[in-house]
Structures are given as C-alpha cells and as structure tokens.
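The values are calculated or read from the model by the stated rules, or taken from the named source; none is laboratory data. Predicted model only: the values in this text are computed from it and were never measured. Every residue, glycine among them, receives a Cβ derived from its backbone with ideal geometry; neighbour counts consider all protein chains shown. Areas reflect the complete protein model, heavy atoms only, side chains present, ligands, DNA and RNA absent. Shrake-Rupley method; radii C 1.70, N 1.55, O 1.52, S 1.80 Å.
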Amino acid sequence: HCVTQAAYVGMFVRTAGGQIPIIRQYRPSVEEYTWELPAGTVDPGESADEAARRELLEETGLVPDEMLYLGKLHPDNGRIQVDAYAYYVSTPFQAPRRVAEEGLTLRYVDHLELKQMIVSGEFRHSVHMSIYAAVVARGIPLD
C-alpha cells in the first residue's frame, strides 16, 4: 500500500550575502507551524526546474542566479509514492522587503542559525534536512 502524490521540488537557497531563506507555515498533517526550505508541488505540464523557479519567486521573491540539481529523493519509499527533486540555488541578491504569500512567514538565517535550528528540533522537515545534507555532502561552501 502507498499514498501517491504529485512531484515536488525543494531548494536550499543561499544569497550572495550568505543568507538562507526559510519559510514558516501551518501544516495540518502535523497540526503545527513548521520551518521549511522554499518548496512546492510541480504543476501538470511543468518541469521540476520550472516549478523550482516559480516556487522560489512565489515564496521569497528571489530569482536564481544558478541552480544545481542535487538529485531525486524518495521521502518515504515504503509508504509514499512521490518524486522530490532537490536543488541548490544561489542568488546574487536578497529580495527587497515584500509581503509574504498569505499564510507564510519568510525569514533569513545564516548557516550557523540553521544548524542550531536543526539541532534544537525547531527545523525538522526530514526531506529538507536531506536537501541540506546533500549540499553539505557535495562540499558546497556555506560559511
């Protein structure tokens, strides 16, 4: 048995100034607000790259300078049938202050703050932690 879902994209984004945008939103499945990386569902007829660019702009106002495809993840291959496409994105600027999409809070953290959020359990989205791990495993400089 499995649950099937539409394809998904998630991005570890870093601005030229070393800031990492994270998103806070309410998730009914866990009945709480969670911190996450910019992410979303791939729309019908859309490529994963196109979805990543669209979601990044919608959630953060950022436009990628470079996008590095990190691979396809299977979030829970024993129960969920979904392809999660992971990216590392660098952007040359930080977005001007903007009104966040309804229901979302946008925050910029540095690498140390993100690590502290992971260790404390404040940031615990497992797929997004896997994306972070892929960035670290590739030796992409974050500090």
P(r) of the chain over all Cα-Cα pairs, binned every 10 Å from zero, in whole percent: 11, 44, 37, 7, 0
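Sequence gap at least 6, Cα distance under 8 Å: using those rules, report the relative contact order of the chain to the nearest whole percent.
The normalised contact order for the chain reaches 34 percent.
Given +1 on the Cβ of Lys and Arg, -1 on the Cβ of Asp and Glu, and no further charges, what dipole in debye does the chain carry about its Cα centre, rounded to the nearest 20?
Dipole about the Cα centre, nearest 20: 280 debye.
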Modelled label reach - THR4, point 7 Å along Cα→Cβ, the range 18-40 residues with backbone N closer than 19 Å: none
In the range 17-63, the GluC sites (Glu not before Pro) that fall in loop regions by DSSP, at most 13 other Cβ within 10 Å: GLU31
Fluctuation leader among ALA52, ALA39, ALA133 - the chain, Gaussian network, Cα springs under 10 angstrom: ALA133
Within a Gaussian network of the chain (alpha carbon springs, distance under 10 Å), most fluctuating of LEU62, LEU37, LEU104: LEU104
Descending principal axes extents, the range 1-71, alpha-carbon based, whole Å: 43, 31, 20
Within the accessible area of the range 1-97 (1.4 Å probe), percent carbon and sulfur: 48
In nm, spacing of pseudo-spin labels at GLU102 and GLU46 (7 Å Cα→C-beta vector): 1.8
The range 42-94: relative contact order as a whole-number percent, Cα under 8 Å and 6+ apart: 32
